[in-house]
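Nothing in this text is a laboratory measurement; each read-out follows from the coordinates by a stated rule. All values derive from a computational prediction rather than experimental measurement. Reconstructed Cβ throughout: ideal geometry from the backbone, glycine too, with neighbour counts over all protein chains shown.
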Amino acid sequence: MYSFNYVKPGSLKEVNDFLASNPEARPLAGGMTLIPTLKARLAQPSHLVDISALEELKGIEVRNGALVIGAGTTHAEVARSTHVRDAIPALAELAFHIGDPAVRNCGTIGGSVANNDPAADYPAGVLALGATVVTNRREIAADDFFQGMFTTALEPGELVVRISFPKPRRAAYEKFAHPASGYAMTGVFVAQTNGGIRVAVTGAGPGVFRWSEAEAALAKAFNVAAVASLTMPAADLNEDIHGSREYRANLVRVLTKRAVARLAGR
Amino acid sequence: MAKVEIVVNGRKEAREVEDRTLLVNFIRDTLGLTGTHVGCDTSQCGCCTVHMNGRAVKSCTVLAVQANGADVMTIEGLARDGELHPVQRAFTECHGLQCGFCTPGMIMATVGFLKDNPNPTEDEICKGLEGNLCRCTGYINIVKAVKRGAELLQK
């Protein structure tokens, strides 16, 4: 690790001020991605600004029909939360399958969403559920937030504060986890929202994306057969030693079918 | 440099550390508690698992400064008054180890896991320990030991 200075401001306002005046500083929440990145000397921030204890980033509540989760909430807390289990059980399940127990005890929803790893689970849930990402400056719709591999609408010094998920009618997440890392080789989140059917795919492409063809087919008939005849084009998908792009394209369809089967029955 | 005060196994340790010092290095090098192992150093193997404020964490992926003010328990802190912790006894009874390198992490992960799930099925044990790797692949007895540990804890 290159050396850096660690600071732990006591309020969100102090964090905002610090980040604004130190452009090379980086916020540190759970550190599950950032610390390995630092250990590999892939980043050299001037400061780490510890935001893990900020009250403003804590808490899970249901407010005006939406489930609101503070950015500093760990995956373990989301998985255990009765609010999440009652309002959007698929989201609790998603959180329960991230990484491993020790990682879930540290890693946070805000960190996962801000990092936007192309194989992370949360981006699929946030996008499929049509959530709103609330930052220290503004509110950003999920459709505008995720902008491809490790890229989001966040500007320098902008921090995710909480995420607001409108309650869907039903939702399910299906993931084919890499057996060693637990990251999604492909993960598909299907949600029947008040605004229609949304299908978000992670792990398969360079960033999370909506499969609009499946959404249209499922809007006409919400059953497995509606998806079975679709083909996910492979050309723009990821290819690596773990699987070809055609393999991932097939996974997208299979996992979408599984998610729909769970929601609709056969 | 940063001043930290960390309660480790019930003892307050006030030390000065480099900001970039990892918790595992603080535990091993500064405090000399070498029961916590470094296996992969990439947050995968779980050999460095300790508890921070009662929750299992991988101490190779936590900074010592992040643990400032926290309560940390390592494998050395499990035994009470010369009596092994029930999970330590279970690993001994069931021979839940081969070379033993992963064992401290396995035991700390198990103690954390059994808090959330005191009566787990075999599948739940495998899922609960998925952040801990045994390169000897001695998982069969490890799973037995976790089951036995659950029984002993309930006695």
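Nearest 10 degrees is fine. How inclined is helix A:12-21 to the longest principal axis of chain A, computing both from alpha carbons?
Around 80 degrees separate the two axes.
Check A:V161: other-chain or 5+ apart residues with amide H under 5 Å from its amide H, H built from backbone geometry?
Amide H neighbours of A:V161: A:V134, A:T135, A:N136.
Mind checking which lysines have their Cα closer than 18 Å to the Cα of B:K115? Skip sequence neighbours fewer than 8 apart in that chain.
Result set, ordered by chain and number: B:K58, B:K127, B:K144, B:K147, B:K155.
What are the ³J(HN,Hα) values, in whole Hz, obtained from phi via the Karplus relation 6.51 cos²θ - 1.76 cosθ + 1.60 with θ = phi - 60°, for each residue of the stretch B:17-31 in sequence order, with x given for Gly and Pro?
Computed from phi, the couplings for the stretch B:17-31 are 10, 5, 4, 8, 5, 7, 4, 5, 6, 4, 5, 7, 8, 6, 8 Hz.
Dividing the convex hull volume of the alpha carbon atoms of the stretch A:74-150 by its residue count, what do you get in Å³ per residue?
Per-residue hull volume (Cα only) is 91 Å³.
How many partner chain Cβ atoms sit within 10 Å of a residue's Cβ in peptide A:218-229, on average, as a whole number? Write out the running numbers ahead of the final one.
Details: counts 0, 0, 0, 0, 0, 0, 0, 0, 0, 0, 0, 0.
Average neighbour count from other chains, rounded to a whole number: 0.
Among all the aspartates and glutamates, which ones have a C-alpha under 19 Å from A:K39's C-alpha, if same-chain residues fewer than 8 places away are not counted?
A:E24, A:D50, A:D117, B:E18, B:D19, B:D29, B:D41
Can you tell which of A:V254, A:G148, A:V201 lies farthest toward the positive end of the dipole of the protein assembly as shown, using +1 and -1 charges on the Cβ of basic and acidic side chains (Lys, Arg; Asp, Glu)?
A:V254
Under unit Cβ charges (Lys, Arg +1; Asp, Glu -1), what dipole magnitude, rounded to 20 debye, does the stretch A:1-52 have relative to its Cα centre? Could the numbers behind the result be given before it?
Values: 5 positive and 4 negative charges, 38 e Å.
For this selection, approximately 180 debye.
Do any trypsin sites (Lys or Arg not before Pro) in the stretch A:151-235 lie in a loop, going by DSSP, with at most 11 other beta-carbon atoms within 10 Å of their beta carbon, and if so which?
Hits after loop and neighbour filter: A:R169.
Taking the stretch A:136-241, which GluC sites (Glu not before Pro) meet the DSSP loop condition and have no more than 13 other C-beta atoms within 10 Å? It would help to have the intermediate numbers written out before the result.
Details: sites: A:E139, A:E158, A:E174, A:E213, A:E215, A:E239; in loops: A:E158, A:E239.
The qualifying sites are A:E239.
Suppose every Lys and Arg Cβ carries +1 and every Asp and Glu Cβ carries -1, with no other charges. What dipole size does the protein assembly as shown come out with about its Cα centre, to the nearest 20 debye?
Charge dipole of the protein assembly as shown: 960 debye, to the nearest 20.
Taking the Cα centre as origin and putting +1 on Lys and Arg beta-carbons and -1 on Asp and Glu beta-carbons, what dipole magnitude results for the stretch A:170-264, to the nearest 20 debye?
With Lys and Arg at +1 and Asp and Glu at -1, about 380 debye.
Neighbouring Cβ atoms within 10 Å as the yardstick, rank A:R138, B:R20 fewest first.
The fewest-first ordering by Cβ neighbours comes to A:R138, B:R20.
Once phi is turned into ³J(HN,Hα) by the Karplus curve 6.51 cos²θ - 1.76 cosθ + 1.60 with θ = phi - 60°, what whole-Hz value does each residue of the stretch A:149-160 show in order, with x for glycine and proline?
Values, residue by residue: 2, 6, 10, 9, 6, 4, 9, x, x, 8, 10, 6 Hz.
So for the pair B:V7, A:D236, with labels modelled 7 Å out along Cα→Cβ, what separation do we get in nm?
About 5.4 nm separates the two model spin labels.
Just want the ordering: B:C102, B:C126, B:C48, from fewest to most Cβ atoms lying within 10 Å of their own Cβ.
The order, fewest Cβ neighbours first, is B:C126, B:C102, B:C48.
Mind checking which lysines have their Cα closer than 18 Å to the Cα of A:K13? Skip sequence neighbours fewer than 8 apart in that chain.
A:K58
If one takes the longest principal axis of the Cα atoms in chain B, at what angle in degrees, from 0 to 90 and to the nearest 10, does the Cα axis of helix B:103-116 lie?
80 degrees
Output the 0 to 90 degree angle, nearest 10, between the alpha-carbon long axis of helix A:245-264 and the longest principal axis computed from the alpha carbons of chain A.
Tilt relative to chain A: about 80 degrees.
Arrange the peptides A:6-18, B:53-65 so that the one whose residues have, on average, the most other Cβ atoms within 10 Å appears first.
Highest-to-lowest ranking by the protection proxy: B:53-65, A:6-18.
Compute the Cα gyration tensor for the protein assembly as shown, then decide on rounded, prolate or oblate, letting a ≥ b ≥ c be the square roots of its eigenvalues: rounded whenever a/c is under 1.5, prolate when a/b is larger than b/c in the other cases, and oblate in all that remain.
Since a/c reaches 1.5 but b/c is at least a/b, the shape of the protein assembly as shown is classed as oblate.
Going by how many other Cβ atoms sit within 10 Å of their own, how do B:M52, A:M1, A:M149 line up, fewest first? Don't jump to the answer; show the numbers that get you there.
Values: B:M52 20, A:M1 17, A:M149 14.
Final ranking by Cβ density, sparse to dense: A:M149, A:M1, B:M52.
Please give the FRET efficiency for A:A20 paired with A:M149, using the beta carbon to beta carbon distance and R0 = 35 Å, rounded to the nearest 0.05.
It comes out at approximately 0.85.
How shielded is B:54-61 by partner chains, expressed as the average number of their Cβ atoms within 10 Å of its Cβ atoms?
Going residue by residue through B:54-61 and averaging, the value is 6.
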